[in-house]
Every structure is written in structure tokens, then in C-alpha cells.
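**Student:** So that we are looking at the same thing, I have put the structure below in C-alpha cells.
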Amino acid sequence: MNHLFRGIGIFAFTAVAVFALWATRASSARRADRASIKDTIQSAITNPANFAKTHFTGGIGAMLTTDRATGVPLIYGVRVGSPAEKAGLRKGDLIIEVNGVATSGRTVAQNIESIKGFAAGRVTLTVQRTGSTNLQCVIRRNSWKRLSGLSYNSNE
């Protein structure tokens, strides 16, 4: 049994290291910064849990609060170039369903947990916009690392 756990551990470590090398090589093709390659590999080895969290999980790039009138999530900011912006989400939109589950009666934290998840995974939002019928958006998440480099639209 110990051999099984040891084998799983070695496989997991190798998978993280290989992914770190692949991600670094892909990003270094865009910019020839040798220090970032070293930092990425060092991050994957010294803190694999944080590396996995920042590279494998993510969100859509929208800031949410609770609408006082309805109790459902209200978008009050959208990052420029984010999946939320690309899907057409705007400040003032109300999210009434996440993956077919109603958002009313849930806390904003519970709704955010429903939206975020595996980077490159998809989430389906049903949005209510003033002056229009409900919109349904299927949005592919970006990693936290990728989203952190985006700014919020100042024209909102």
C-alpha cells in the first residue's frame, strides 16, 4: 500500500513539474525572460499547492455584490479582456442562475464559489439585464494568474 501512495506522489510531482516546464516554455516563446522560467519552476517545486491554485483554477473576471432589491448577485465591475467582458456581461447585470441553479436565497460567497472553478472549464450564467429578456451565457474561465493582469473598465 505504501508503494501505491509513493507512486501516486511521484506521479503527481512529475505531472506538476512537467506542466510547469510546458507553461514556462509556452510563455517564454512570447517573451524571452529567463528569470521568469526559473521563477515558475521554483514556484511549482517549492509551493505546488499555490502553483496549482493560481494556474489550474480561476474565474470569469467580474466583480459581484448583492442587489439589495432582489437579493441576487449584481455585477459591479468587469475586467477588460476577461471572459465576462467577451461574453458581453456589463455593470448592472443581475445573475439569476449559475449552471441552472437559482442564485436567490444564497449568499454572494456561495454564488461566487459556484462561478469559479477549474480554469478552462465552463460555467453557464443566466443574466437579467434592464430593458431586455434574460440572457444565457456559457463562459470559459481564465486562471487567476491570467485574470490578475487585467484592469477594470474605467468607463463603467
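**Student:** Only counting other Cβ atoms within 10 Å, I'd like Ile112, Ile45, Ile8 sorted with the fewest neighbours first. Intermediate values should be presented prior to the final figure.
**Tutor:** Values: Ile112 16, Ile45 13, Ile8 10.
In increasing order of surrounding Cβ atoms, one gets Ile8, Ile45, Ile112.
**Student:** Mind sorting Thr57, Thr40, Thr103, Thr65 by how few other Cβ atoms lie within 10 Å of their own Cβ, fewest first? Don't skip to the answer; put the middle values down first.
**Tutor:** Numbers: Thr57 16, Thr40 19, Thr103 25, Thr65 11.
With the sparsest Cβ surroundings first, the list reads Thr65, Thr57, Thr40, Thr103.
**Student:** Here's something else I'd like to know. Add +1 for every Lys or Arg and -1 for every Asp or Glu among the other residues with Cβ under 11 Å from the Cβ of Arg129, and state the total. Could the numbers behind the result be given before it?
**Tutor:** Numbers: positive: Arg90, Lys91; negative: Asp93.
Residues close to Arg129 contribute a combined charge of +1.
**Student:** Now, a different point. So if R0 is 41 Å, what FRET efficiency would Ile96 and Ala120 give, r being the distance between their Cβ atoms, rounded to the nearest 0.05? Please list the in-between numbers first.
**Tutor:** On the way: r = 25 Å, r/R0 = 0.61.
That gives a FRET efficiency of 0.95.
**Student:** To the nearest 0.05, what FRET efficiency results for Tyr76 and Ile8 with a Förster distance of 35 Å applied to their C-beta separation?
**Tutor:** Numbers: r = 43 Å, r/R0 = 1.24.
Efficiency computed from Cβ-Cβ geometry: 0.20.
**Student:** Could you give the alpha-carbon Rg of the range 55-126 over 2.2 N^0.38 Å, rounded to two decimals?
**Tutor:** The range 55-126 yields a ratio of 1.02.
**Student:** In what order do Arg68, Arg129, Arg122, Arg79 fall by count of nearby beta-carbon atoms within 10 Å, going from fewest to most?
**Tutor:** Values: Arg68 7, Arg129 15, Arg122 12, Arg79 21.
Final ranking by Cβ density, sparse to dense: Arg68, Arg122, Arg129, Arg79.
**Student:** Listed highest first by mean packing, meaning other Cβ atoms within 10 Å per residue, what order do 70-76, 132-138 come in?
**Tutor:** On the way: 70-76: 19.0, 132-138: 11.1.
With the highest mean Cβ count within 10 Å placed first, the list reads 70-76, 132-138.
**Student:** Arg129 versus Thr65, label points 7 Å from Cα toward the beta carbon: distance in nm?
**Tutor:** About 2.1 nm, to one decimal.
Rule-based calculations on the coordinates, nothing more; no lab input. From a predicted model like this one, the values you see are computed outputs, not experimental measurements. Counting neighbours? That spans all protein chains shown, and the Cβs are built from the backbone with ideal geometry, glycine included.
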